[in-house]
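Heads up: the structure comes next, in C-alpha cells.
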Amino acid sequence: MAKISSSRMDMEDGRLDDAILKQYGETVVGGASGTNAGASYEVAVASGNVFNLILNSATCTLTFTTPAASGTMSSFTLILRQDGTGGRLVTWPTVKWPGGSAPAVSSEAYAVNVFSFFTLDAGSTWFGVRSGAQFQSRSAFLGWGSNVSEFIGDNSTVTRSSPVQIGVLTDWSQISSKGSHTAAVKTDGTLWTWGFNTVGQLGLGDKLAVSSPVQVGTLTDWAQVSTGYDHTVATKTDGTLWAWGDNGYGQLGHNTAVTVDTSSPVQVGTLTTWSSVAGGGTNTLAVKTDGTLWAWGNNGAGQLGHNTAITLDRSSPVQVGTLTTWSSVFTGAQNSFAIRTNGTLWAWGFNNGNRLGDGTSTNRSSPVQLGTVTTWSQGAAGGNHGAAVRTDGTLWTWAFSNNGQLGHNDTASAVSPKQVGSLSDWAEVSVGQNHTIATKTDGTLWSWGVNSSGQLGHNDTTSRSSPVQVGGLTGWGAISASKNGTKAIVVLQP
C-alpha cells in the first residue's frame, strides 16, 4: 500500500508540493532483487486496490489479471516510481486512454506517476487515466564540516559533523567549493554564492560575507561554475566566460595592467567558445569547444603549463601547447591536471610530496602523462593529494596520506596512482585539503581522511583511512570537498 502525506496540494498544475511518498510493500519491476520474473509484473486485481511498483528495467511490461466478474466494477490505483537511473519505459496491456493514446510516464530519476484503472466486463476492456497529481524528484543542497574557516551555508557558525540541509531551495544541479566560499548553479540557470567575501569572490557587488545562498544578479543562463581559493569563474550557455574576485596574479584573465579585484562578474574577453573552466588556488584553466586548453594567473610552480623557463604569470588566457584533444581539467592548490579525449591523464605544476603522481617530486612546467592508462574519466585534486576514477569504475589516489586521505587503510604516501580497494562501482570523486569524498553508481556517498571539523559527515571527529559510507541515503549527485568541509547535492525521492 502507498500512503501520501502533504502540506499543500495544487491540482491546477498537476503537482503535489512538499509531499513525501512513503513506500509500503513496494515491488521491483526488473532486476535481480525483484520478486517478479524478469522485467514483467502481473497486477492481480483481486489481491488489492493499490499497487506500488519501482521501475528498474529498461522496459517494464505490465499485465492486469483476476478482475471481478462481468457486470461488477474492478478498479485499482497503480503507483509507478522510476529508480535512481530513471528513463524506464512501460509496456501497457490493452487500455482505453483519454484521447486514444497512453500518457507519457515521467522519466526522471525517482519520479512518481499515479494511474487509475477500472473495468466493467471482467477485463475485456480496461479504462485508464493518469492522475493529475504527479510527483517529481527534487534536489536538496547539504553541507557539513567547518563553519568557522568557511561557511557551510546553513546561516549559522556552528560546525557540523553530519549533513544538514542548506536553505529550502531545491533543483540544484552543480556546485564548487575549493576554499572559503561556495558557488552553485540551479537547474533554472541561476547562480548562487555564499561564504567569505574579502575580495568580492561572491560576485554580489560588495565584500560582505554571506552565511547562506544569495543569487548572483538575475540572469538565468549560467552553465557551470568553479571556485578558486578567492576567485570564481563561470561559463554561460552562450559559451562566454566570466570571472570575479581576487586578481592578485591575473587569475581573472581580464588582461588588466594592474591586478584589479572585481566584486561582480566580468566577461573574460569576447569569445563564445568556452566549454568548461576550473579555478585553481590562484590560477585558472579552461577548455574550449575546439578541444584546446588555456591557462592564466599564478605560474609560481609551472602550474600554467606554458613550459616557460621562468615562472611567468599571465593576466589573460594563453594556450597550453597546441593539442586540440583536451576533454576536462581539474586543479589543486598549485598544480593542474587534465584528461584528454583518448582517456589519458596529464599533470603539471608543484610536485613536492609527489602531488602530481608522476613518480617524481620534480615540478613540471608543461603537461606530463601519468602512466600509460587510457581509461581515465574524472578526477579531483586538493592541497596535498589527488584522485581519479577510471571508466571501469575503479578509484585511484596519490600523494600525501598523513591523515589517511588516500583511502588505502594506512597513512603511507603514494608516488603514483594507487587503487583504493578492489571495487569497480565508483562514479565521482572530490578532494579537500586532507579528505576525500566519492559517490558510487548505486547513489551512496563515502568519505575518508582527516575529520577534525566533521568534514567526513559521520557525526563524529574521528579520521578514517579507508572509505566509510555517509549515512544511509542514496541519490547523491554532485559533490564538492572544500578545505575543511563538504558540500553535496542529493536527489530527494518523492
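To keep it simple, each residue is scored yes or no on (1) under 20 Å from residue 463 (Cα atoms); (2) touching a Phe, Trp or Tyr at 6+ places or on another chain (Cβ under 9 Å); (3) among the basic types (Lys, Arg); (4) in the same structural domain as residue 463 (by TED's automatic domain parsing).
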{"site": "144", "(1), (2), (3), (4)": "yes, no, no, yes"}
{"site": "157", "(1), (2), (3), (4)": "no, yes, no, yes"}
{"site": "160", "(1), (2), (3), (4)": "yes, yes, yes, yes"}
{"site": "171", "(1), (2), (3), (4)": "no, no, no, yes"}
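How many of the residues making up the stretch 285-334 are of a type in the set (A, V, I, L, M), farther than 21 Å from residue 379 by Cβ and in contact with a strand residue (DSSP E or B) (Cβ under 7 Å, 6 or more places away or on another chain)? Spell out the reasoning first.
Going through the stretch 285-334, the residues of a type in the set (A, V, I, L, M) turn out to be 285-287, 293, 295, 301, 304, 309-310, 312, 318, 320, 323, 329, 333.
This time we only want the ones that are farther than 21 Å from residue 379 by Cβ, so: 309-310, 312, 318.
Still in the running and in contact with a strand residue (DSSP E or B) (Cβ under 7 Å, 6 or more places away or on another chain): 318.
The qualifying residues number 1.
If a residue has to be assigned to a loop (DSSP other than H, G, I, E, B) and under 26 Å from residue 439 (Cβ atoms) to count, how many in the stretch 73-104 make the cut? Break it down stepwise before answering.
Taking the stretch 73-104 first, the residues assigned to a loop (DSSP other than H, G, I, E, B) are 73, 83-88, 92-94, 97, 101-104.
Now drop any that are not under 26 Å from residue 439 (Cβ atoms), which leaves 83-88.
Counting residues in the stretch 73-104 that are assigned to a loop (DSSP other than H, G, I, E, B) and under 26 Å from residue 439 (Cβ atoms) gives 6.
Restricting attention to the stretch 197-225, report how many residues are out of contact with any Leu (no Cβ under 9 Å at 6 or more places or on another chain) and among the small types (Gly, Ala, Ser).
Number of matching residues: 5.
Being assigned to a loop (DSSP other than H, G, I, E, B), within 25 Å of the chain's Cα centre (by Cα) and of a type outside the set (A, V, I, L, M, F, W, C) narrows it down to one of 239, 250, so name that one.
Numbers: 250 fails: within 25 Å of the chain's Cα centre (by Cα).
Just a single option satisfies the conditions, and that option is 239.
If you go through the stretch 318-350 one residue at a time, how many are in contact with an Asp or Glu (Cβ under 7 Å, 6 or more places away or on another chain) and buried (at least 23 other Cβ atoms within 10 Å of the Cβ)?
Within the stretch 318-350, the first condition is being in contact with an Asp or Glu (Cβ under 7 Å, 6 or more places away or on another chain), and the residues that meet it are 324, 347.
Now drop any that are not buried (at least 23 other Cβ atoms within 10 Å of the Cβ), which leaves 347.
So the answer is 1.
For the stretch 283-304, what are the residues that are touching an Asp or Glu at 6+ places or on another chain (Cβ under 7 Å) and surrounded by fewer than 24 Cβ atoms within 10 Å (Cβ to Cβ)? Show your work before the answer.
Looking only at the stretch 283-304, we keep the residues that are touching an Asp or Glu at 6+ places or on another chain (Cβ under 7 Å), and these are 297-299.
Of everything in the stretch 283-304, just one residue is touching an Asp or Glu at 6+ places or on another chain (Cβ under 7 Å) and surrounded by fewer than 24 Cβ atoms within 10 Å (Cβ to Cβ), namely 298.
Residue 398 is checked against (1) free of Cβ contacts under 8 Å to residues at least 60 places away in the same chain; (2) out of contact with any helix residue (DSSP H, G or I) (no Cβ under 8 Å at 6 or more places or on another chain) and fails just one. What number does that condition carry?
(2)
State all residues of the stretch 425-438 that are farther than 10 Å from residue 389 by Cβ and free of Cβ contacts under 8 Å to residues at least 40 places away in the same chain; if no residue qualifies, say none. Walk me through it before giving the result.
Going residue by residue through the stretch 425-438, those that are farther than 10 Å from residue 389 by Cβ are 425, 430-437.
Residue satisfying the conditions is 425 alone.
Only one of 70, 124, 116 is over 30 Å from residue 489 (Cβ atoms), part of a strand (DSSP E or B), modelled with pLDDT of 90 or more and out of contact with any Pro (no Cβ under 7 Å at 6 or more places or on another chain). Can you tell me which? It would help to see each step written out before you state the result.
Values: 70 fails: part of a strand (DSSP E or B); 124 fails: part of a strand (DSSP E or B).
So the residue among 70, 124, 116 that is over 30 Å from residue 489 (Cβ atoms), part of a strand (DSSP E or B), modelled with pLDDT of 90 or more and out of contact with any Pro (no Cβ under 7 Å at 6 or more places or on another chain) is 116.
Conditions tested, residue by residue: (1) crowded, with 21+ Cβ neighbours inside 10 Å; (2) acidic (Asp, Glu); (3) modelled with pLDDT of 95 or more; (4) assigned to a loop (DSSP other than H, G, I, E, B).
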position	(1), (2), (3), (4)
386	yes, no, yes, no
401	yes, no, yes, yes
406	yes, no, yes, yes
415	no, no, yes, no
442	no, yes, no, yes
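Would you tally the residues in the stretch 272-321 being among the acidic types (Asp, Glu) and either assigned to a strand (DSSP E or B) or more than 20 Å from residue 260 (Cα to Cα) (or both)? Full working, then the answer.
Step one: filter the stretch 272-321 for residues among the acidic types (Asp, Glu), giving 290, 313.
Now restrict to residues that are either assigned to a strand (DSSP E or B) or more than 20 Å from residue 260 (Cα to Cα) (or both): 290.
Number of matching residues: 1.
Got a sec? Which of 214, 225 is surrounded by fewer than 20 Cβ atoms within 10 Å (Cβ to Cβ) and either assigned to a strand (DSSP E or B) or within 18 Å of the chain's Cα centre (by Cα) (or both)? Write out each step before concluding.
On the way: 225 fails: surrounded by fewer than 20 Cβ atoms within 10 Å (Cβ to Cβ).
Of the residues listed, the single one that is surrounded by fewer than 20 Cβ atoms within 10 Å (Cβ to Cβ) and either assigned to a strand (DSSP E or B) or within 18 Å of the chain's Cα centre (by Cα) (or both) is 214.
The values are calculated or read from the model by the stated rules, or taken from the named source; none is laboratory data. None of the values given here were measured: they were computed from a predicted structure. Glycine gets a Cβ as well: all are built from the backbone with ideal geometry, and neighbour counts include every protein chain shown.
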